[in-house]
1. Would it be correct to say that D53 is acidic (D, E) and buried (at least 16 other Cβ atoms within 10 Å of the Cβ)?
2. Of the residues F103, F125, which is surrounded by fewer than 20 Cβ atoms within 10 Å (Cβ to Cβ), over 16 Å from S45 (Cα atoms) and in contact (Cβ under 8 Å) with a residue 12 or more places away in the chain?
3. Working carefully through the options V95, V137, find the one that is out of contact with any Asp or Glu (no Cβ under 7 Å at 6 or more places or on another chain), buried (at least 21 other Cβ atoms within 10 Å of the Cβ), β-branched (V, I, T) and without any contact (Cβ under 8 Å) to a residue 60 or more places away in the chain.
4. Could you tell me whether S92 is out of contact with any Leu (no Cβ under 9 Å at 6 or more places or on another chain) and closer than 30 Å to S26 by Cα?
5. I'm trying to understand the selection: among the residues of segment 72-85, which are farther than 11 Å from T3 by Cβ and either at pLDDT 95 or above or touching a helix residue (DSSP H, G or I) at 6+ places or on another chain (Cβ under 8 Å) (or both)?
6. Considering only residues that are touching a helix residue (DSSP H, G or I) at 6+ places or on another chain (Cβ under 7 Å) and touching a residue at least 40 places away in the same chain (Cβ under 8 Å), which ones fall in segment 36-64?
7. Checking the condition touching a Ser or Thr at 6+ places or on another chain (Cβ under 9 Å), among the β-branched types (V, I, T) and either more than 14 Å from K179 (Cα to Cα) or touching a residue at least 24 places away in the same chain (Cβ under 8 Å) (or both), which residue from I119, I109 passes?
8. Quick one: is D105 under 24 Å from M1 (Cβ atoms), touching a helix residue (DSSP H, G or I) at 6+ places or on another chain (Cβ under 6 Å) and of a type in the set (D, E)?
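The values are calculated or read from the model by the stated rules, or taken from the named source; none is laboratory data. Keep in mind that what you see is a predicted model, and the values were worked out from it rather than measured. With ideal geometry, Cβ positions are generated from the backbone for all residues, glycine too; neighbour counts draw on all protein chains shown.
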Amino acid sequence: MITGILLAAGMGRRFGSQKLVAQLPSGLPVAVAAWRNLKSAHKNSFAVVRHDDRAIMSLFKEENIPFVISEDAHLGMSQSLLTGIQNSLQSSGWVIALGDMPFVDPQTIKKIISDMEGIANKSIFRPTFHEQSGNPVGLSSDLLNELMALEGDEGAREIIKRERSRIHHIPVNDDGIIKDIDTQKDLRAVNNP
């Protein structure tokens, strides 16, 4: 069974405040939009939040978004990812979605999961838009030992760089896989296309 994990435990330093609660033109907070895309594609999903992020916990409770708390999120994205994996060790793999990427088409997530279930000789499932790699990324459970050894703010990036032969690229017509909200400017660009 594959598990969807929404990483929503970042500090938002470049944004200047908690970007995940900032509103999109639709009125939805960034992280809620990202969650809805993940959840509509794959019911077996949950989020990871920072232990001291009251705003996101409150928002997720209002939205009935299941979440687990990362006590060590301040040490980087790897710790949030580890928290998610440790809370779903029975999984055959994970789709790792990012809370600051609210424009991913649920069909893209479904395609990643379908390929994870159908392609046995690959461990990393990466969508591409015009040959540019994006997120979310599918990770097979045969990477568990490598994932458990992660440190810092790179997430699974180091494993992806090191294990190129194990990557299955999935071309999609979805620029949402390369669009994130990192800065106030990013959010203004969305609000004023």
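1. Values: acidic (D, E): yes; buried (at least 16 other Cβ atoms within 10 Å of the Cβ): yes.
Yes; evaluated as a whole, the condition is true for this residue.
2. Numbers: F125 fails: surrounded by fewer than 20 Cβ atoms within 10 Å (Cβ to Cβ).
Criteria check complete, one pass: F103.
3. Numbers: V95 fails: without any contact (Cβ under 8 Å) to a residue 60 or more places away in the chain.
When all the criteria are applied, what remains is V137.
4. Numbers: out of contact with any Leu (no Cβ under 9 Å at 6 or more places or on another chain): yes; closer than 30 Å to S26 by Cα: no.
Here the answer is no, as S92 does not meet what is asked.
5. We begin by selecting, within segment 72-85, every residue farther than 11 Å from T3 by Cβ; these are 72-83.
Residues satisfying the conditions are D72, A73, Q79, S80, L81, L82, T83.
6. N37, L38, S40, A41, H42, S45, A47, V48, V49, R50, I56
7. When all the criteria are applied, what remains is I109.
8. Working: under 24 Å from M1 (Cβ atoms): yes; touching a helix residue (DSSP H, G or I) at 6+ places or on another chain (Cβ under 6 Å): yes; of a type in the set (D, E): yes.
Criteria met by D105.
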